[in-house]
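What follows is a short report on a single structure.
The values are calculated or read from the model by the stated rules, or taken from the named source; none is laboratory data. Keep in mind that what you see is a predicted model, and the values were worked out from it rather than measured. Positions of Cβ are generated from backbone atoms using ideal geometry, with glycine treated the same way; all protein chains shown enter the neighbour counts. Accessible surface areas use protein heavy atoms only, side chains included; no ligands, DNA or RNA. Shrake-Rupley method; radii C 1.70, N 1.55, O 1.52, S 1.80 Å.
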Amino acid sequence: MQINQVPYLDHLSLMERYKEYAYPNLKVSQLVRSGQLIKVRRGLYLDSQDTSYSMKTLANLICFPSYLSFEYALCYYQMIPEQVEIYTSASFNKTKNKTFHTPIGTFVYYYLNPSVYPFGITRLEEKGQPFLIATKEKAILDTLSKVRGVRSRRGLNTLLFEDLRLDEDILRDLDPLDIELLSTKYHQRNCHLFAQWLGSRKK
């Protein structure tokens with residue numbers, strides 16, 4: 001995914017934009033201080049006058065490779081009642097769990113094993129810009145994979161409907177085959193329990 005295009009500006013594109021200045025890096029720093037440029041992270045900037053950027057696309061760009069998942073994806077699919085303001089994503093970046101507090105929002109990245117990472121990802125668009133997000137099935141399994149200590153069907157029910165407050169009707173509409181295939185890749189008991197739970201509801 002390229003970032004050297006408007007509205008996403010990388011260091012090289014800014015150096016080209018301000019190459020007529022004796023000290024382009026100093027010019028960039030001045031623009032950040034004045035608020036004309038927004039520094040999202042090192043090497044990634046936005047023009048404060050250009051509001052055409054997509055927060056979802058930014059979530060993919062801040063930590064690459066990554067895709068939106070966990071609580072944010074559950075909210076996006078209206079699987080939970082709460083509004084989620086933090087952009088949560090999965091990544092297999094070597095820096096395991098990382099949080100970026102930026103002037104425009106907070107972005108959290110959770111490490112996911114590379115053997116699980118590439119499955120259950122869909123490409124959508126916002127403002128004509130692409131972003132990657134987990135499918136409903138992958139989002140719930142990613143979320144369950146973060147939780148430890150679930151050892152029984154009763155514990156799973158408590159987690160799903162009391163702790164996460166998931167919508168049971170939406171859960172029942174999930175694809176049981178996708179859940180079953182994906183759950184085997186996590187090697188975690190609660191993911192297997194959820195596959196069994198969903199399978200029993202489909203019978």
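Residues of the range 45-87 being part of a helix (DSSP H, G or I) and either exposed (fewer than 14 other Cβ atoms within 10 Å of the Cβ) or among the acidic types (Asp, Glu) (or both), which ones?
The one that is part of a helix (DSSP H, G or I) and either exposed (fewer than 14 other Cβ atoms within 10 Å of the Cβ) or among the acidic types (Asp, Glu) (or both): Glu71.
Does at least one position in the range 57-67 carry a residue that is without any contact (Cβ under 8 Å) to a residue 24 or more places away in the chain and out of contact with any Gly (no Cβ under 8 Å at 6 or more places or on another chain)?
Within the range 57-67, none of the residues are without any contact (Cβ under 8 Å) to a residue 24 or more places away in the chain and out of contact with any Gly (no Cβ under 8 Å at 6 or more places or on another chain).
Say we look at the range 177-186 and pick out the residues that are open to solvent by 50 Å² or more (accessible area, probe 1.4 Å) and not hydrophobic (A, V, I, L, M, F, W, C); which of these is nearest to Tyr111 (Cα to Cα)?
Lys185
Out of everything in the range 88-110 that is of a type in the set (Gly, Ala, Ser) and within 13 Å of Met55 (Cβ to Cβ), what residue ends up being most open to solvent (accessible area, probe 1.4 Å)?
Of everything passing the filter in the range 88-110, Gly105 is most open to solvent (accessible area, probe 1.4 Å).
I'd like the full set of residues that are in a helix (DSSP H, G or I) and in contact (Cβ under 8 Å) with a residue 60 or more places away in the chain, limited to the range 137-173.
Across the range 137-173, the qualifying residues are Lys138, Ala139, Ile140, Asp142, Thr143, Ile170, Leu171.
Considering only residues that are more than 19 Å from Cys63 (Cα to Cα) and of a type in the set (Lys, Arg), look in the range 111-137 and name the one that is most open to solvent (accessible area, probe 1.4 Å).
Lys127
For the range 116-134, which positions are under 14 Å from Ser66 (Cα atoms) and small (Gly, Ala, Ser)?
Across the range 116-134, the qualifying residues are Gly120, Ala134.
Only one residue in Leu198, Leu174, Leu124 is in contact with a Phe, Trp or Tyr (Cβ under 7 Å, 6 or more places away or on another chain) and aliphatic (A, V, I, L, M). Which one?
Answer to the selection: Leu124.
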